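I have placed the structure first, in the form of structure tokens, so that the comments after it can refer back to it.
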Amino acid sequence: MTEENDFLAPTPFQKILTGRRSIRRYLPAPVEPDKLRACLEAARVAPSAHNAQPCRIVVVDEPGLKDRLAEKAFSGLYRGSRFAAKAPVLLVLLAKRDFVAHRLGAGYQRIPYYFVDIGIAGEHIVLQAEELGLATCWMGWFSRRHVRKVLNVPRRLTIVAMMPVGYAEKRPNREPPRKTFEEVVAFNRVPLD
Ligand SMILES: Cc1cc2nc3c(=O)[nH]c(=O)nc-3n(C[C@H](O)[C@H](O)[C@H](O)COP(=O)(O)O)c2cc1C
């Protein structure tokens, strides 16, 4: 291999980034506790605005509770999200709002940074899971009202997302359409669209 090829060969991390997919079909196989722990640790060490560390995670792996949660969270309008109930673990990602970072700072900047923080922490989970051969899917389409009720989530915590974790039964065949590099990135000017 030439030096140039060596340089261009995707790194293990780049393979994780490009290989990751949202998985919507899960095997019933359990997730090994050490692997799950590694994913959760990845969230714990994520950066956050003002180092407020607002991310809180409910790990739902007790089958009875998971079934009850899934039945309620993915009911009615949200039935399309039922696929997640097949995964052995359902994570619920919560944000604990911090007065300084999220009221004063965000009010001034007009950016709800706790959503950014949960996004970063959640994506740490996703990428760590991918490296360990696990499958995940970010989920925003579920009944927050029912999740709050079933898990007794207090009002001071915002329910941001859910995430099944498990082993893929099937990976999607097709790549999702991605915008081109030029559509997303521009050097020294704003991207055109
Ligand atoms: C914040 C967020 C919320 C999402 N919510 C859902 C969801 O409720 N249901 C679902 O099937 N996929 C959901 N997705 C997955 C996206 O549909 C998926 O990331 C996108 O189609 C690109 O496909 P890929 O993840 O396989 O690259 C969500 C993704 C993100 C980042």
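The values are calculated or read from the model by the stated rules, or taken from the named source; none is laboratory data. A quick note: this is a predicted structure, and the numbers were derived from the prediction, not measured. Virtual Cβ from ideal backbone geometry, glycine too; neighbours counted across all protein chains shown. Quick note on the areas: whole protein, heavy atoms, side chains included, nothing else; ligands and nucleic acids left out. Shrake-Rupley method; radii C 1.70, N 1.55, O 1.52, S 1.80 Å.
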Of those in the stretch 138-151 that are in contact (Cβ under 8 Å) with a residue 24 or more places away in the chain and either more than 9 Å from the ligand (Cβ to nearest atom) or surrounded by fewer than 20 Cβ atoms within 10 Å (Cβ to Cβ) (or both), the residue farthest from Met163 (Cα to Cα) is Lys149
Counting only helices (runs of 4 or more DSSP H) wholly inside the stretch 31-132, the ones holding at least 1 residues that are closer than 20 Å to Val147 by Cβ are 33-44, 63-73, 113-131
Take Ser48 and decide whether it is within 16 Å of the ligand (Cβ to nearest atom), of a type in the set (Ser, Thr, Tyr), within 16 Å of the chain's Cα centre (by Cα) and open to solvent by less than 100 Å² (accessible area, probe 1.4 Å). no
Checking Val190, Val184 in turn, the sole residue that is open to solvent by 70 Å² or more (accessible area, probe 1.4 Å), over 30 Å from Glu62 (Cα atoms) and within 16 Å of the ligand (Cβ to nearest atom) turns out to be Val184
Screening Arg56, Arg25, Arg37, Arg21 for residues that are basic (Lys, Arg), open to solvent by less than 50 Å² (accessible area, probe 1.4 Å) and within 20 Å of the chain's Cα centre (by Cα) leaves only Arg21
Pro112 fails exactly one of (1) within 13 Å of the ligand (Cβ to nearest atom); (2) within 18 Å of the chain's Cα centre (by Cα), namely (1)
Within the stretch 135-162, the residues that are of a type in the set (A, V, I, L, M, F, W, C) and within 15 Å of Leu94 (Cβ to Cβ) are Trp138, Met139, Phe142, Val147, Val150, Leu151, Val153, Leu157, Ile159, Val160, Ala161, Met162
